[in-house]
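Before any comments, here is the structure.
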Amino acid sequence: QVQLVESGGGLVQPGGSLRLSCAASGIAFRLYAMGWYRQAPGKQRELVAAITSGGFINYADSVKGRFTISRENAKNTVYLQMNRLQPEETAVYYCKAAQSYDGATNGEAGGYWGQGTQVTVSS
């Protein structure tokens, strides 16, 4: 049974930082591309960052220079370090595992999803 479990969300003040984790089980993690998405209330889900099995990384323009995606294959975990967070980035953050970069970066493509973790940026 495949499971992706996100953690690390919470309440943070504007300008603050959070580190999200997504622990995977039931898949050959090192072979999968991973994506982080977010969905704010009333908005569509959007891709934030992705990392391939080989370490190729891509970011949404809105987070470049502030967010860092990384993976630790020995722990079957992908991370999202988020700095200088802004209130408009309040959302549920999800991770996705897919067998290709296209699968990880296309929210409509097949793959495995976590249950999400809430990030609230507010003073």
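Entry remark, the stretch 39-61: residues being in a strand (DSSP E or B) and either open to solvent by less than 20 Å² (accessible area, probe 1.4 Å) or free of Cβ contacts under 8 Å to residues at least 12 places away in the same chain (or both) number 5 in total.
The single condition among (1) in contact (Cβ under 8 Å) with a residue 40 or more places away in the chain; (2) open to solvent by 10 Å² or more (accessible area, probe 1.4 Å); (3) not in a strand (DSSP E or B) that Tyr79 does not satisfy is (3).
Inspect the stretch 70-80 for any residue being farther than 18 Å from Val5 by Cβ, at pLDDT 95 or above and of a type in the set (Ser, Thr, Tyr) and give the result as yes or no. The answer is no; no qualifying residue exists. Looking across the stretch 90-110 at every residue that is free of Cβ contacts under 8 Å to residues at least 60 places away in the same chain and touching a helix residue (DSSP H, G or I) at 6+ places or on another chain (Cβ under 8 Å), the one that is most open to solvent (accessible area, probe 1.4 Å) is identified as Gly110.
The residues of the stretch 111-123 that are open to solvent by less than 60 Å² (accessible area, probe 1.4 Å) and assigned to a strand (DSSP E or B), listed by number, are Thr117, Val119, Thr120, Val121.
If only one of Gly35, Gly26 is surrounded by 18 or more Cβ atoms within 10 Å (Cβ to Cβ) and either in contact (Cβ under 8 Å) with a residue 40 or more places away in the chain or of a type outside the set (Ser, Thr, Tyr) (or both), which one is it? Talk me through it step by step, then tell me what you get.
On the way: Gly26 fails: surrounded by 18 or more Cβ atoms within 10 Å (Cβ to Cβ).
Among Gly35, Gly26, only Gly35 is surrounded by 18 or more Cβ atoms within 10 Å (Cβ to Cβ) and either in contact (Cβ under 8 Å) with a residue 40 or more places away in the chain or of a type outside the set (Ser, Thr, Tyr) (or both).
Looking at the stretch 12-29, which of the residues that are over 16 Å from the mean Cα position of the chain (by Cα) and not in a strand (DSSP E or B) is nearest to Gly55 (Cα to Cα)? For the stretch 12-29, the residue satisfying everything is Ala28.
The values are calculated or read from the model by the stated rules, or taken from the named source; none is laboratory data. Predicted model only: the values in this text are computed from it and were never measured. Every residue, glycine as well, gets a Cβ built from its backbone with ideal geometry; the counts of neighbours run over all protein chains shown. With ligands, DNA and RNA removed, areas are computed over all heavy atoms of the protein, side chains included. Shrake-Rupley method; radii C 1.70, N 1.55, O 1.52, S 1.80 Å.
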